[in-house]
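Presented below is the structure to which this report refers.
Every number here is computed from the coordinates shown, using simple stated rules; none is lab data. Please read these numbers as outputs of a predicted model, since none were measured by experiment. Quick reminder, even Gly has a Cβ in these numbers, built from the backbone with ideal geometry, and neighbours come from all protein chains shown.
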Amino acid sequence: MTQSRPRDDSERQSCWVCFATEEDDTEAAWVRPCRCRGTTKWVHQSCLQRWVDEKQKGNSTAKVACPQCNTEYIIIFPKLGQYGPVVYLMDIADKIIYKTCPFVAGGMFIGSVYWTAVTYGAVTVMQVLGHKEGLNVMERADPLFLLIGLPTIPVMLILGKMVRWEDYILRLWRKHSAKLPLINYLWPDEYSRSSRVPAETVPLSDPISATRVLCGALILPTIATIVGKLMFGSVQSNFQRTLLGGIAFIAIKGVLKIYYKQSQYHRQANRVILDYEEDRTPATSISSSSVGSQ
């Protein structure tokens, strides 16, 4: 009676997912899906299917590769024709909808933004010129001109808001401040002692926040109307009154912002670092630092 030779360990089928061998389940289906060699090349079909499901996370079209050799698994689906023409047509429709939906959604979003800009432009015209006069102007205007011109109103307001003219004045201020006697009145100790020039860690202008620019630009006509009525109530023309109010508001706000930024720059230039004292508490250090920086 001849005895069978013992099987080499490299030829034994061992699943790298559940670590079961072919002796544990003789009826399980095995697969060798990648370029791995040795015991890691075999895996149960059912175990690999569960592992692929975990990697795809519900997206059956996602590609999955072997974690060891990075070989992409070849995944074959049954043909849709065997499930009938209804399923086949629904699959085609699903693919068409999947590819066209991003373009349709993008068009709807752009259209919504456009008509919102048109509405805002119309409201701004009535606000600046007055309700009746604004309506008369838009009724007499060419519809094509309105469709093109009205959306440009919020765009121009946003672009105008992004112009930081205060920074240019600050640069000129700091460059020629020694020749301006007004500086000695605003900051009498600025040149009384040697002040250092602080490092510009950030640009002179604040980081442009999209929401801040958007809100500031779109609310400008309303603020200009209010300031115009408060400061230039004697002006008869609603357009001139609103225009003067907008210019006054921008000028006053710019002067206050320049003064604030220059004050912060001055505080930064004259800050002092104190000596270390062992008995100084953290609260005392913070308080002293605040006093010394002023």
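Listed values, structure above:
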{"quantity": "Radius 12 Å from Cβ of Pro33, net charge of other residues (Lys, Arg +1; Asp, Glu -1)", "calculated": "+2"}
{"quantity": "Relative contact order %, segment 102-161, counting alpha carbon pairs below 8 Å whose residues are six or more apart", "calculated": "42"}
{"quantity": "Which of Cys36, Cys69 has the fewest Cβ neighbours within 10 Å, and the rest in rising order", "calculated": "Cys69, Cys36"}
{"quantity": "Charge sum, other residues only, whose C-beta stays under 13 Å from Gly246's C-beta, Lys/Arg counted +1 and Asp/Glu -1", "calculated": "+4"}
{"quantity": "Largest-first principal axis extents, alpha carbons of segment 80-161, Å", "calculated": "70, 29, 17"}
{"quantity": "Local electrostatic count at Leu218 - Lys and Arg +1, Asp and Glu -1, tallied over other residues with Cβ under 15 Å", "calculated": "+2"}
{"quantity": "Leu135/Met162 FRET efficiency (R0 35 Å; Cβ-Cβ; nearest 0.05)", "calculated": "0.70"}
{"quantity": "Chain lengthening between Ala93 and Tyr73 when straightened (0.36 nm per residue, less Cα-Cα)", "calculated": "4.5 nm"}
{"quantity": "Distant-in-sequence amide H partners of Ser14 (H built 1.01 Å from N, under 5 Å)", "calculated": "Trp42"}
{"quantity": "Approximate spin-label separation Ala105-Leu243, in nm, with each point projected 7 Å along Cα-to-Cβ", "calculated": "4.5"}
{"quantity": "Fraction of alpha-carbon pairs over 20 Å apart in segment 9-77 - percent", "calculated": "27"}
{"quantity": "Dimensions (Å) - segment 1-158, Cα atoms, principal axes, largest first", "calculated": "114, 40, 21"}
